[in-house]
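S.K.: Have a look at this one before I ask anything.
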Amino acid sequence: MEISPPCSLFNNICTQLTAANGNREKIENAVDKYLESNLHYLVYYPDPVYRRRAITGRDDDTKGVISFYLIDQQQELVNVTYKQVLKKLATKYRQEADNDFIIAEKCIKHLWNKYLGLEYPNIQSRVESILQRNESYREHFVHQFQVFLIGAYILDSIYPEVAKGFEKKYKCKIENAWLAASTFHDFNYGLQNFDTWLRQFFEDSLRVKNKRTKENINLLNLDSAMIREALFDKIVKLADQLKNDYKENERELMIRFFYEKAVRDRNHGVLSAISLIKLFDECKEGKRLINMDGILQAAIAIECHDEDIWESLCGCQGYRRSPGNLPSTHDECNNSCSREPLLWQDKKSRIFKDRENGNSKCESWESEFMQIRAMDKIKFEDYPILFLLIFCDSIQDEGRFTSSGNTNNQDLSKLTSIAITKDKHKIMTSVALESLDADKKLEELERVSWCLKDDRFRVSINGTVKVMNGNGGG
């Protein structure tokens, strides 16, 4: 038996074509480009589609792939304390054999250990696999990591202007609070859907038909857990940190609002914030590398990052898109509000709905809370971590396909640039996105720009610019 020496398929192809054409350099460039863009036809990758990485070809299959542009930007970091870790990630990313889930998890766990002194829980990446069984579910785990990378790059670029003031006020580095907030903000997304899964399971298994019986299928009793596990205390602590100049009854309304959001709606942001504080409390004091003030800033950002929350904090301008107070009557409010009741109810994944408002699209405690405009506008100078989390969360779409593959490229926007420039005495942060169908993303950015107020931050999608000016971005 004769053993043939190994040979390069690329070289053989180029040699044969060169014999016919004669221009080796031109042929090599053309073949290299063709193979790179069509490698997914030559390579078999057995994992589910949402776990594929760059090996399957960037142009035609971006499912579960971290943005190459975002990865490359980490090479430019000069200020944040974990810059070397992210530079190393950027250097090695294209050669990594692991899928993006594993890459993100390894990096997050390392960063938490080294810079926060905390153990990142293992459960979320396991829950992600369960969540992916829902064909309409969009990936959240690697999404968190990409949100972190976007914010790390922005913070690094504006570092001298923001880091010193934050550290002086909270005795914590701003990038460490950002690390905790961004990589944990969707941690309890599974809990938000827990009741829905249970209800569907019992309906299918026991053939439950009675409406009242369905409403009583509620095995996750957070009311009792709030008391037994002292979780209510965490809500009170967050409310007191969020605002210190409450007017009459405002504090009680805010505490009730966040309590109901946790217990009734299972809001993943509120529950994740509670989990973060509890995780910090349970860590040995000598091991912690971040203080309580830093964790609280991260927890506040996590608690308020969901649109359901920041819309209410700012007085429901996100959906109504008009200034002023809420209408005086529920009927007037319903007529003016563009909320879809059934869609909104499904989004909240609640088992039962408070019927005291009849067909109102809001609960009474939601309406009362919205009317006080607890924040009115969210400003970077007042809440830098919260502002940045909402901003980065809203622009990160790339790679967030549904597990079924039903979501196509038209539904997602692609990050093309993050530019930090000086305009007179202002440092401007401009993010550019591209999309084949930008209308949906423009609507989302318009809602965000009603509540975020700092005109130094702006987003353009296919050339249309939305400024975070607190007035709809125009």
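The values are calculated or read from the model by the stated rules, or taken from the named source; none is laboratory data. Source: prediction; values computed, not measured. Ideal geometry is used to build each Cβ from the backbone, glycine not excepted, and the neighbour counts take in all protein chains shown.
S.K.: Out of the range 155-179, which residues are within 15 Å of Tyr383 (Cβ to Cβ) and not aromatic (Phe, Trp, Tyr)?
M.R.: Leu155, Val162, Gly165, Lys169, Cys172, Ile174, Ala177 - these are the residues of the range 155-179 that are within 15 Å of Tyr383 (Cβ to Cβ) and not aromatic (Phe, Trp, Tyr).
S.K.: On the given criteria, is Ala180 at pLDDT 95 or above and buried (at least 23 other Cβ atoms within 10 Å of the Cβ)?
M.R.: For Ala180, the condition - at pLDDT 95 or above and buried (at least 23 other Cβ atoms within 10 Å of the Cβ) - is met.
S.K.: Give me a count of the residues in the range 410-425 that are in a strand (DSSP E or B) and at pLDDT 85 or above.
M.R.: Count: 8.
S.K.: Could you please give the count of residues in the range 287-311 that are small (Gly, Ala, Ser) and surrounded by fewer than 24 Cβ atoms within 10 Å (Cβ to Cβ)?
M.R.: Residues that pass the stated criteria total 0.
S.K.: Moving to a separate point now. For the range 432-457, give me each residue that is buried (at least 21 other Cβ atoms within 10 Å of the Cβ) and assigned to a strand (DSSP E or B).
M.R.: The answer is Leu433, Leu452, Lys453, Asp454, Phe457.
S.K.: Applying the selection to the range 370-400, what residues are outside any helix (DSSP H, G or I), over 20 Å from Ile461 (Cβ atoms), touching a Lys or Arg at 6+ places or on another chain (Cβ under 8 Å) and not charged (D, E, K, R)?
M.R.: Those that are outside any helix (DSSP H, G or I), over 20 Å from Ile461 (Cβ atoms), touching a Lys or Arg at 6+ places or on another chain (Cβ under 8 Å) and not charged (D, E, K, R): Ala374, Met375, Ile378, Phe380.
S.K.: Filter the range 56-87 down to the residues that are modelled with pLDDT of 95 or more and basic (Lys, Arg) and list them by number.
M.R.: Listed by number, the residues that qualify are Lys83, Lys87.
S.K.: Please enumerate the residues belonging to the range 77-110 that are in contact (Cβ under 8 Å) with a residue 40 or more places away in the chain, under 18 Å from Trp178 (Cα atoms) and of a type outside the set (A, V, I, L, M, F, W, C).
M.R.: Scanning the range 77-110 gives Asn79, Thr81, Tyr82, Lys83.
S.K.: Got a sec? Which of Met428, Met468 is surrounded by 14 or more Cβ atoms within 10 Å (Cβ to Cβ), under 20 Å from Leu386 (Cα atoms) and more than 20 Å from the chain's Cα centre (by Cα)?
M.R.: That would be Met428, the only listed residue that is surrounded by 14 or more Cβ atoms within 10 Å (Cβ to Cβ), under 20 Å from Leu386 (Cα atoms) and more than 20 Å from the chain's Cα centre (by Cα).
S.K.: In the range 262-282, which residues are within 10 Å of Glu303 (Cα to Cα), of a type outside the set (A, V, I, L, M, F, W, C) and either in a helix (DSSP H, G or I) or in contact with a Ser or Thr (Cβ under 6 Å, 6 or more places away or on another chain) (or both)?
M.R.: Correct list: His268, Gly269, Ser272.
S.K.: Restricting the first residue to the range 255-273 and requiring it to be more than 20 Å from Leu389 (Cβ to Cβ), which pairs with a second residue that is surrounded by 23 or more Cβ atoms within 10 Å (Cβ to Cβ) and modelled with pLDDT of 90 or more meet a Cβ separation below 6 Å and a spacing of at least six or different chains?
M.R.: Within 6 Å, the pairs are Ile255/Ala239; Tyr259/Ile235.
S.K.: Among the numbered criteria (1) under 22 Å from Tyr69 (Cα atoms); (2) in a strand (DSSP E or B), which single criterion is violated by Val467?
M.R.: (1)
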